[in-house]
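S.K.: Sharing a structure here in structure tokens format.
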Amino acid sequence: MLDKSIEQSRYDTVWRAAEPYMRARKNDVHIPLSFAWAQRLLAEYSEADHDICSLAILLHDIGWYSIDMEDIIEKGFSGPNMLQSDVRYLHEAEGVRLATEVLRDTGWDEALIADVCEIIDGHDTRTEPRHLNDRIVRDADKLWRFSVTGVSVACDWFKTTPHGYADRLEEQKTQLETDAGIRMATETLAETRKALMLHVI
């Protein structure tokens, strides 16, 4: 196991290389917060691969960079089949393309790149996770939504109020795929409801 400071500096080079692709859809907020959730999940699931999960969550949504913001919101965040919309598949395919470039440019080996991209490809549209690494990334991708920041940002995407979005999350928390993720979502949403005074407004 690498010293934590050395390990983090390895990820920092990837952060810097991916930064140009992080402005779309508030990903410069969503991705760092999701990365932090991934680290919390990895602390509870030591059998998962730290590099694969960390790099996959860092790069999972950079494919939104290639898609018009209006299309992202109108086609990717509305309707009963939004998770199967064309733009969802496109952002995954573009994510694989950009992640491959970023990881090659920052010196990661091809086997690890393939494992990372396997997770990115289908992280929204695949109905079932393939393995523990996949479950951790999928949960980390969702957990940020339960925070004050997540509710504040995502309620606008889904054209509802913070209270309305929090109610929606109550139903969605059971869709998380690890026991730790479900526990974290439940605790965080309770804190968010309190912080945003959702018992009043």
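S.K.: Quick check for you: with a 1.4 Å probe and neighbouring chains kept, what is the accessible area per residue of the chain, in Å²?
M.R.: For the chain, the per-residue accessible area is 48 Å².
S.K.: Give the carbon-plus-sulfur fraction of the accessible surface of the chain in %, rounded to a whole number; probe 1.4 Å, heavy atoms of protein chains only.
M.R.: For the chain, the apolar C and S fraction of the accessible surface comes to 53 percent.
S.K.: Summing -39500 (n - 2.57) over the DSSP H runs of n ≥ 4 in the chain and dividing by its residue number, what mean residue ellipticity at 222 nm do you reach, to the nearest 500 deg cm²/dmol?
M.R.: After summing the helix terms and dividing by residue count, I get -21000 deg cm²/dmol.
S.K.: Given charges of +1 on the Cβ of Lys and Arg and -1 on the Cβ of Asp and Glu, with all other atoms neutral, how large is the dipole of the chain about its Cα centre, in debye to the nearest 20?
M.R.: Computed charge dipole of the chain: roughly 720 debye.
S.K.: Grab the Cα-Cα distance for Arg126 and Gln172, subtract it from 0.36 nm times how many residues apart they are, and report the gain in nm with one decimal. Please report the intermediate quantities before stating the final value.
M.R.: Values: separation 46, 0.36 × 46 = 16.56 nm, distance 1.64 nm.
This chain segment gains 14.9 nm when fully extended.
The values are calculated or read from the model by the stated rules, or taken from the named source; none is laboratory data. Because the structure is a prediction, the values reported are computed rather than measured. Glycine also receives a Cβ, built like all others from the backbone with ideal geometry; neighbour counts cover every protein chain displayed. With ligands, DNA and RNA removed, areas are computed over all heavy atoms of the protein, side chains included. Shrake-Rupley method; radii C 1.70, N 1.55, O 1.52, S 1.80 Å.
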